[in-house]
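K.L.:
Quick one: this structure, given as structure tokens, is what I'll be asking you about.
The values are calculated or read from the model by the stated rules, or taken from the named source; none is laboratory data. Since this is a predicted model, take the numbers as computed values, not measurements. Here the Cβ positions follow ideal geometry from the backbone for every residue, glycine too, while neighbour counts run over all protein chains shown. Side chains are part of the model used for accessible areas, which takes the heavy atoms of the whole protein and leaves out ligands, DNA and RNA. Shrake-Rupley method; radii C 1.70, N 1.55, O 1.52, S 1.80 Å.
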Amino acid sequence: MKREMADRSGEMEAFAAVVREQSLSGAARRLGLTPSAVSRAITRIETRLGVRLIVRTTRSITLTPEGEAYARGAARILADLTEVEDAIADQGVPRGRLRVSAALAHGRLVIVPLLGEFSDRYPGIRLDISLSDTLVDVLGGRADVAIRFGPLSDSPLTARRLGDTGRSIVASPDYLARRGTPLVPEDLLGHNCLNFDFPRIEPGWPFRKNGHDYALGVSGTIEANNGETLVQLALQGVGIARVGNFHLANEITAGKLVVLLDDFNPQDREPIHAVFVGGSHMPARVRVFVDFLVERLTTR
């Protein structure tokens, strides 16, 4: 049984190589085998399954529907095997695939510019970065490291603080010329306020007036799941947005956006954390990536 399972994994690898190279000879070169050995491996799979997987001619290789299904399954299984082996080997030298989730704008403007330096430092790590303001399930295995904004909810995840950011309320000069400039927070109730479409910790936009902090519920015609979209809408004169300051420096300097109600800004700081599954079995690739972010971001 053990020999049979080992043979089946090798046959699966041969089949996947044929699909990838679109030829028996190309697969043989990739695997360091003879074309006849690769052909025998495919024949053994087809004999065991009782179906034709590949239609071979002198010029091309075409997958049957059963072959396409087998190819998808083989790719998934071989990727899982590689990931398991990488994870074990990674305990010594950081290596393997590292899935990182970051907010769209912060990822593009802050995290992505650092990735080249990290890759140069750790060439054995294959970075897979996903940018979205939608929270991913780290505990569920959808990411190895996620960059989170705001207070963290109770969770078994480990968190390392990367810094913080303030937020400002902005609008374009064109919008203000058409709709007027709000002078006190309550004026926002008559304006088109662009909001995030996911729940936030605060029930509205926070303000400070006469030493008293409070939240004002605002509304508008458009919601979005990321700050970059809100900034773009504000630039187009659609409405007023409240977003992280890291979005805004260039637009404010260029006069494309105007900061509003700054005298009422509570100057609240939104913490930024890297969250991940910690513990004694944490892969080295996760540890060195988080250490790198702490090194590069907390010193800014």
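K.L.:
Please find, within the stretch 102-116, the residue that is most open to solvent (accessible area, probe 1.4 Å) out of those that are more than 12 Å from PHE149 (Cβ to Cβ) and touching a strand residue (DSSP E or B) at 6+ places or on another chain (Cβ under 9 Å).
P.N.:
Within the stretch 102-116, the match that is most open to solvent (accessible area, probe 1.4 Å) is ARG108.
K.L.:
Assess whether GLY239 counts as being under 34 Å from the mean Cα position of the chain (by Cα) and crowded, with 17+ Cβ neighbours inside 10 Å.
P.N.:
So GLY239 fits the description; yes.
K.L.:
Let me ask you something else. What residue, among those in the stretch 147-180 that are assigned to a helix (DSSP H, G or I) and aliphatic (A, V, I, L, M), is nearest to LEU135 (Cα to Cα)?
P.N.:
Among them, the one singled out is LEU176.
K.L.:
Next question, about the same structure. For the stretch 245-300, which positions are over 17 Å from ALA103 (Cβ atoms) and of a type in the set (Val, Ile, Thr)?
P.N.:
ILE252, THR253, VAL258, VAL259, VAL277, VAL286, VAL288, VAL294, THR298, THR299
K.L.:
Report yes if LEU127 is open to solvent by 30 Å² or more (accessible area, probe 1.4 Å), at pLDDT 90 or above, more than 30 Å from VAL259 (Cβ to Cβ) and of a type in the set (A, V, I, L, M, F, W, C), otherwise no.
P.N.:
yes
K.L.:
Those residues that are over 17 Å from ALA69 (Cβ atoms), open to solvent by less than 30 Å² (accessible area, probe 1.4 Å) and charged (D, E, K, R), I need them from the stretch 9-48; list them, please.
P.N.:
Hits for the stretch 9-48: nothing passes.
K.L.:
Also: Of all residues in the stretch 269-297 being surrounded by fewer than 13 Cβ atoms within 10 Å (Cβ to Cβ) and touching a strand residue (DSSP E or B) at 6+ places or on another chain (Cβ under 8 Å), which is nearest to ALA105 (Cα to Cα)?
P.N.:
ARG269
K.L.:
Go through the stretch 84-119 and count every residue that is at pLDDT 90 or above and closer than 17 Å to GLY141 by Cβ.
P.N.:
So the count comes out to 5.
K.L.:
For GLY140, which of the numbered conditions (1) surrounded by 13 or more Cβ atoms within 10 Å (Cβ to Cβ); (2) within 17 Å of the chain's Cα centre (by Cα); (3) among the small types (Gly, Ala, Ser) fails to hold?
P.N.:
The number of the failed condition is (1).
K.L.:
Let me ask something else about it. Name the residue, out of ASN226, ASN195, ASN265, ASN210, that is closer than 18 Å to ARG167 by Cβ, open to solvent by 10 Å² or more (accessible area, probe 1.4 Å) and without any contact (Cβ under 8 Å) to a residue 60 or more places away in the chain.
P.N.:
Step by step, each of ASN226, ASN195, ASN265, ASN210 is checked, and only ASN195 is closer than 18 Å to ARG167 by Cβ, open to solvent by 10 Å² or more (accessible area, probe 1.4 Å) and without any contact (Cβ under 8 Å) to a residue 60 or more places away in the chain.
K.L.:
May I pose another question? Could you please let me know if ALA28 is outside any loop (DSSP other than H, G, I, E, B), small (Gly, Ala, Ser) and within 23 Å of ALA79 (Cβ to Cβ)?
P.N.:
Answer is yes for this residue.
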